[in-house]
Amino acid sequence: MYFIGTDVGSLTTKVALVDAEGRLFFSSYRRNDDGPIEAIKQAFGEIKRTPGTPAGAATTGSGRQLAAVIIGADTAVNEITAHALAALTVEPGVRTVIDIGGQDSKIIYLKSGVSVGFNMNTVCAAGTGSFLDHQAARLNIPIEEFGEYALRSTSPVAIAGRCGVFAESDLIHKQQLGYRREDLIAGLCLALAKNYLTNVARNRKVEPPALFQGGVAANSGIRWALEKLLKVELVIPEHFKVMGAFGAALLARQRYREGSLKESIFRGLPAVAESDYRPQGFICEDCANSCEISELYIGGKLAGRWGSRCGKWEAGAETTAVPD
Ligand code: SF4
């Protein structure tokens with residue numbers, strides 16, 4: 001018996017499989033370069049050996065409804081629920097979860113094992129993976145070495161990090177003044193960490209134990225900058241890149257154990273990996289809400305619809321996308 005979690009974000013798709021005991025035994029992390037549908041197909045195509053049949057499947061992330069129709073998920077959950085559950089499983093006493101992904105970032109506050117607040121930033125990309133990739137390319141260094149450069153700095157340059165646009169233009173200006181790359185990168189890391197603490201954490205106290213997860217947790221420069229500003233040691237969980245998918249799989253397991261998930265509607269590994277998918281959409285003009293309705297056809301048949309505020313279009317689909 002096992003459980004599947006799928007986390008579809010704006011830039012990457014993550015899949016995690018946990019066994020009956022909740023232990024992660026397979027994970028996949030893929031960029032959505034050819035779109036999320038292709039990333040999901042390829043990730044499921046990678047799964048070769050499983051202990052029996054899946055007893056439950058859940059999705060999360062901004063693309064959770066699309067993913068729910070593709071795989072036949074039993075439930076779709078928001079990112080906060082999934083990340084909080086994964087963090088609590090790794091570190092039961094966790095008080096803060098700092099999550100910085102490819103294009104957005106969030107912070108979750110927990111007390112006695114319960115989420116007591118969160119904030120997400122999907123507007124300013126400063127400090128996220130895509131922004132760091134771009135700056136590393138501009139400075140002509142591999143992103144994998146970005147953090148090492150920052151750690152070699154002896155005198156970080158002051159960079160204006162109020163937003164991504166300011167940070168980039170100030171970095172270019174300081175670059176033209178001839179500062180060393182080590183000091184520029186360390187200064188940029190500090191500016192981005194400060195931006196995160198101001199705009200996402202909103203200067204609320206970060207209590208330890210604090211987990212740092214998401215793709216950017218691999219960047220030792222950002223970790224160093226956050227720890228320096230917070231004066232708190234950050235814990236990077238082993239599966240830091242796939243914590244959302246891990247949390248979704250754990251949630252499917254939790255619902256199964258509670259008895260609220262009887263028989264999984266998961267479509268099966270070969271079906272998910274090999275089917276032909278066709279997304280399309282339209283704007284409903286039946287009232288002033290003008291909802292954007294998304295549809296997904298699998299093998300030429302309408303498999304799911306989502307996006308209406310009143311629920312009228314979901315009801316007309318053969319299979320409706322799983323609501324939050
Ligand atoms: S889907 Fe419902 S709420 Fe949305 S525009 Fe159509 S009638 Fe209005």
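The values are calculated or read from the model by the stated rules, or taken from the named source; none is laboratory data. Every value quoted in this text rests on a predicted model; they were computed, and no experiment measured them. For neighbour counting, all protein chains shown are included, and Cβ atoms are generated from backbone atoms with ideal geometry for every residue, glycine included. The accessibility values were calculated without ligands, DNA or RNA, using every heavy atom of the protein model including side chains. Shrake-Rupley method; radii C 1.70, N 1.55, O 1.52, S 1.80 Å.
Quick check on my filter: what residues within segment 7-28 are within 10 Å of the chain's Cα centre (by Cα) and in a strand (DSSP E or B)?
Listed by number, the residues that qualify are Asp7, Val8, Thr12, Thr13, Lys14.
Of the residues Glu238, Glu263, which is in contact with a helix residue (DSSP H, G or I) (Cβ under 8 Å, 6 or more places away or on another chain), open to solvent by 40 Å² or more (accessible area, probe 1.4 Å) and not in a helix (DSSP H, G or I)?
Glu238
Determine if segment 154-167 includes at least one residue that is in contact (Cβ under 8 Å) with a residue 40 or more places away in the chain, in the same structural domain as Gly101 (by TED's automatic domain parsing) and crowded, with 22+ Cβ neighbours inside 10 Å.
yes
Going by the structure shown, is Lys174 of a type in the set (Lys, Arg), modelled with pLDDT under 90 and part of a helix (DSSP H, G or I)?
Answer is yes for this residue.
Evaluate the following for Arg305: is it crowded, with 20+ Cβ neighbours inside 10 Å and within 16 Å of the ligand (Cβ to nearest atom)?
Yes.
What is the number of the single condition among (1) more than 24 Å from Asn199 (Cα to Cα); (2) in a strand (DSSP E or B); (3) open to solvent by 10 Å² or more (accessible area, probe 1.4 Å); (4) hydroxyl-bearing (Ser, Thr, Tyr) that Ser115 does not meet?
(1)
When segment 266-289 is examined, which residues are found to be open to solvent by 30 Å² or more (accessible area, probe 1.4 Å) and in a strand (DSSP E or B)?
Arg278, Pro279, Gln280, Gly281, Phe282, Ile283
Okay, residues lined up against (1) open to solvent by 10 Å² or more (accessible area, probe 1.4 Å); (2) within 15 Å of the chain's Cα centre (by Cα):
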| residue | (1), (2) |
| --- | --- |
| Val200 | no, no |
| Ala210 | no, no |
| Ala218 | yes, yes |
| Gly221 | no, no |
| Trp224 | yes, no |
| Arg255 | yes, no |
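Take the residues in segment 173-193 that are open to solvent by less than 70 Å² (accessible area, probe 1.4 Å) and free of Cβ contacts under 8 Å to residues at least 24 places away in the same chain, then tell me which one is farthest from Arg223 (Cα to Cα).
Once the filter is applied, the top-ranked residue is Gly178.
This table checks each residue for (1) in a strand (DSSP E or B); (2) open to solvent by 10 Å² or more (accessible area, probe 1.4 Å); (3) touching a residue at least 40 places away in the same chain (Cβ under 8 Å).
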{"residue": "Arg30", "(1), (2), (3)": "yes, yes, no"}
{"residue": "Asp33", "(1), (2), (3)": "no, yes, no"}
{"residue": "Arg49", "(1), (2), (3)": "no, yes, no"}
{"residue": "Gly52", "(1), (2), (3)": "no, yes, yes"}
{"residue": "Thr59", "(1), (2), (3)": "yes, no, yes"}
{"residue": "Ser62", "(1), (2), (3)": "no, yes, yes"}
{"residue": "Leu88", "(1), (2), (3)": "no, yes, no"}
{"residue": "Ile98", "(1), (2), (3)": "yes, no, yes"}
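For Glu292, state whether it is within 16 Å of the ligand (Cβ to nearest atom) and either of a type in the set (A, V, I, L, M) or open to solvent by 10 Å² or more (accessible area, probe 1.4 Å) (or both).
It is true that Glu292 is within 16 Å of the ligand (Cβ to nearest atom) and either of a type in the set (A, V, I, L, M) or open to solvent by 10 Å² or more (accessible area, probe 1.4 Å) (or both).
Gln280 fails exactly one of the following numbered conditions: (1) in contact with a Leu (Cβ under 7 Å, 6 or more places away or on another chain); (2) farther than 30 Å from Phe25 by Cβ. What is the number of that condition?
Tallying (1) in contact with a Leu (Cβ under 7 Å, 6 or more places away or on another chain); (2) farther than 30 Å from Phe25 by Cβ, Gln280 fails exactly one: (1).
When you check Ala73 against the structure, is it in a loop (DSSP other than H, G, I, E, B) and on the phi < 0 side of the Ramachandran plot, yes or no?
Yes; evaluated as a whole, the condition is true for this residue.
Does segment 263-270 include one or more residues that are away from the ligand (no atom under 16 Å from the Cβ) and more than 17 Å from Thr59 (Cα to Cα)?
yes
Pairs please, first residue from segment 251-277 and in contact (Cβ under 8 Å) with a residue 12 or more places away in the chain, second anywhere and among the aromatic types (Phe, Trp, Tyr) and assigned to a helix (DSSP H, G or I), Cβ atoms under 8 Å, 6+ apart in sequence or on different chains.
Leu269/Phe44; Val272/Phe44; Ala273/Phe44
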